[in-house]
1. Of the conditions (1) part of a helix (DSSP H, G or I); (2) under 30 Å from residue 142 (Cα atoms); (3) without any contact (Cβ under 8 Å) to a residue 24 or more places away in the chain, residue 11 satisfies every one except a single condition; which number is it?
2. Could you pull out every one of the strands (runs of 3 or more DSSP E) wholly within region 16-87 that has 2 or more residues that are over 15 Å from residue 208 (Cα atoms)?
3. Among the residues of region 21-38, how many are touching a strand residue (DSSP E or B) at 6+ places or on another chain (Cβ under 6 Å) and crowded, with 24+ Cβ neighbours inside 10 Å?
4. For region 146-172, name all the residues that are outside any helix (DSSP H, G or I) and buried (at least 20 other Cβ atoms within 10 Å of the Cβ).
5. Which residues, taken from region 110-130, are over 24 Å from residue 31 (Cβ atoms), part of a helix (DSSP H, G or I) and touching a strand residue (DSSP E or B) at 6+ places or on another chain (Cβ under 9 Å)?
6. Could you list, ordered by first residue, the pairs with Cβ atoms under 6 Å in which the first is in region 44-66 and at negative phi and modelled with pLDDT under 95 and the second is surrounded by 13 or more Cβ atoms within 10 Å (Cβ to Cβ) and in a loop (DSSP other than H, G, I, E, B), at least 6 apart or interchain?
């Protein structure tokens with residue numbers, strides 16, 4: 001049973017569809033209800049059990065309601081995929097306090113709230129997995145992206161810390177740090193990702209699925225995936 005946040009578009013949508021093709025039972029969470037219901041309808045058409053939930057991962061009561069609905073419907077949470085996030089490129093001088101708070105709330109606080117919420121049910125059932133889609137910007141600094149880098153460095157540090165904390169409970173924590181991905185920001189450009197020198201959303205989704213299938217004795221805390229430039 002897999003929860004995917006930010007599942008209505010981009011990487012999250014592709015992750016949801018990839019897991020559905022593998023036969024997973026899914027809970028899909030996002031703020032954009034119409035898009036979310038369209039993804040859920042597609043997955044239902046594939047013969048999979050799916051529960052779409054409109055939720056803002058930065059709101060504690062929304063996250064609590066999402067986990068309660070999941071447990072009421074399916075009785076367990078095997079995998080949480082923290083994918084919801086936001087990207088921004090601005091100079092430090094042009095970054096407003098509202099910009100800063102928006103990035104930290106969605107990219108860091110959302111991951112914290114969702115991860116914290118699944119720990120108790122995962123401990124009670126004997127284990128689970130938390131997979132967070134971060135960014136190469138959580139490992140490498142870039143000009144004009146100070147707020148975004150700060151949020152993703154925070155996510156990577158958080159994932160590393162809870163990986164150590166939760167390991168005794170058989171909860172594996174993975175963080176994926178992709179390079180630039182040809183997601184919905186590039187819908188105006190019809191060239192294939194490899195021509196754009198970017199990763200596709202499927203590249204990230206396939207890696208996420210791979211991590212979810214690792215046997216319990218294998219631990220991969222962090223994965224960096226980059227597009228081939230040459």
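1. The number of the failed condition is (3).
2. Working: elements: 26-30, 50-54, 79-82.
Once the strands (runs of 3 or more DSSP E) in region 16-87 are filtered for at least 2 residues that are over 15 Å from residue 208 (Cα atoms), what remains is 26-30, 50-54.
3. Adding up the residues that qualify gives 5.
4. Initially, region 146-172 is screened for residues outside any helix (DSSP H, G or I), giving 170-172.
Within region 146-172, 171, 172 meet the criteria.
5. Of everything in region 110-130, those that are over 24 Å from residue 31 (Cβ atoms), part of a helix (DSSP H, G or I) and touching a strand residue (DSSP E or B) at 6+ places or on another chain (Cβ under 9 Å) turn out to be 122, 123.
6. none
The values are calculated or read from the model by the stated rules, or taken from the named source; none is laboratory data. Worth saying up front: this structure is predicted, and the values here are computed from it rather than measured. Quick reminder, even Gly has a Cβ in these numbers, built from the backbone with ideal geometry, and neighbours come from all protein chains shown.
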